[in-house]
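Participant: Before I ask anything, here is the structure I am working with.
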Amino acid sequence: MPAAGARRRFDTATIDAAGLDRQTLARNFVRGAVQMVMIDGFFHADPHPGNIVVDLTSGRLTFLDTGMVGDLEVRHRISLASFLLAFRDKDVSALGATLRSLSKPFRETDEREYRRQFEQRVGPLIHAPPGHPAPLQKLVSEALDVLRRSGY
């Protein structure tokens with residue numbers, strides 16, 4: 001049961017009425033997610049609005065339902081940081097190499113063909129037109145599909 005003053009959903013009208021700044025809440029959520037994944041290496045793997053309580057008196061965020069959690073070794077956290085930097089820098093080659101380094105082959109692979117497919121399918125997504133951010137969700141979906149089809 002949530003503490004008094006807490007809400008189980010991101011009801012923006014109620015959050016606004018409580019005088020909480022949604023930008024601050026969003027920033028605190030991102031900071032918490034980065035802390036969990038990159039620093040702690042142990043994270044909540046299902047952070048949708050139904051699993052996060054906003055305390056309306058303090059703005060404190062609490063994650064609920066820890067049935068889905070993840071654990072990342074330091075080397076995976078470093079690879080994730082490399083992935084984010086490659087994404088920021090729009091470096092398709094580094095992005096593909098980082099994702100491959102996080103994968104294990106499940107059949108014989110062709111590294112050259114993997115790189116070619118990755119460049120062909122992910123390149124256009126990462127190099128979005130000016131004023132249009134690269135669609136991270138689609139980019140990750142395409143990248144994972146290339147990995148799988150390439151045997152990783």
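The values are calculated or read from the model by the stated rules, or taken from the named source; none is laboratory data. The structure presented is a predicted model; accordingly, all values stated were derived computationally and were not measured. Cβ atoms come from the backbone with ideal geometry, glycine included; neighbour counts cover every protein chain shown. Note: accessible area is taken over every heavy atom of the protein model, side chains too, but ligands, DNA and RNA are not part of it. Shrake-Rupley method; radii C 1.70, N 1.55, O 1.52, S 1.80 Å.
Participant: Lys and Arg at +1, Asp and Glu at -1: add these up for the other residues within a Cβ distance under 9 Å of residue 100 and post the number.
Facilitator: Details: positive: 115; negative: 111.
Here the count lands on 0.
Participant: Let me ask something else about it. Nothing charged except the Cβ atoms of Lys and Arg (+1) and of Asp and Glu (-1): what's the magnitude of the dipole of the chain about its Cα centre? Round to the nearest 20 debye. All intermediate terms of the calculation are to be shown ahead of the outcome.
Facilitator: Details: 21 positive and 18 negative charges, 36 e Å.
The calculated dipole for the chain is roughly 180 debye.
Participant: Mind checking which of 106, 43, 83 has the largest fluctuation in a GNM of the chain, springs on alpha carbons under 10 Å?
Facilitator: 106
Participant: Sticking with this one: Return the long-range amide H neighbours of residue 45 (sequence gap of 5 or more, or a different chain), with a cut-off of under 5 Å between placed amide H atoms.
Facilitator: Here the answer is 68, 69, 70, since their amide H atoms fall under 5 Å of that of residue 45.
Participant: Which values of log₁₀ I(q)/I(0), to two decimal places, follow from the Debye formula for the chain at q = 0.15 Å⁻¹ with a uniform point scatterer at every Cα?
Facilitator: Ignoring solvent entirely, the Cα scatterers give -0.91.
Participant: Probe radius 1.4 Å, ligands and nucleic acids ignored: give me the carbon and sulfur share of the accessible area of the chain as a rounded percent. Before the final figure, lay out the partial values.
Facilitator: Working: 5520 of 9870 Å².
Exposed carbon and sulfur together represent 56 percent of the surface.
Participant: Explain nothing, just the number: relative contact order of segment 112-152, from Cα pairs under 8 Å at least 6 residues apart, as a whole percent.
Facilitator: Values: 22 pairs, mean separation 19.8, N = 41.
With pairs under 8 Å counted, the relative contact order is 48 percent.
Participant: In Å, what Rg and Dmax follow from the Cα atoms of segment 75-152?
Facilitator: 12.1, 40
Participant: Let me ask you something else. Can you tell me the relative contact order of the chain? Whole percent, Cα pairs under 8 Å, sequence separation 6 or more. Kindly include the intermediate steps, with their values, before the conclusion.
Facilitator: Working: 160 pairs, mean separation 28.0, N = 152.
So the answer I get is 18 percent.
Participant: Using a simple charge model, +1 on the beta-carbon of Lys and Arg, -1 on the beta-carbon of Asp and Glu, nothing else, what dipole does segment 64-127 show about its Cα centre, in debye to the nearest 20?
Facilitator: Details: 11 positive and 10 negative charges, 33 e Å.
Using only the charged Cβ atoms, the result is roughly 160 debye.
Participant: At 10 °C and 1.306 mPa s, grab the translational diffusion coefficient of segment 28-75 from Stokes-Einstein with a Kirkwood Rh over Cα pairs, rounded to a whole number in µm² per second.
Facilitator: On the way: Rh = 11.4 Å.
Answer from the Stokes-Einstein relation: 140 µm²/s.
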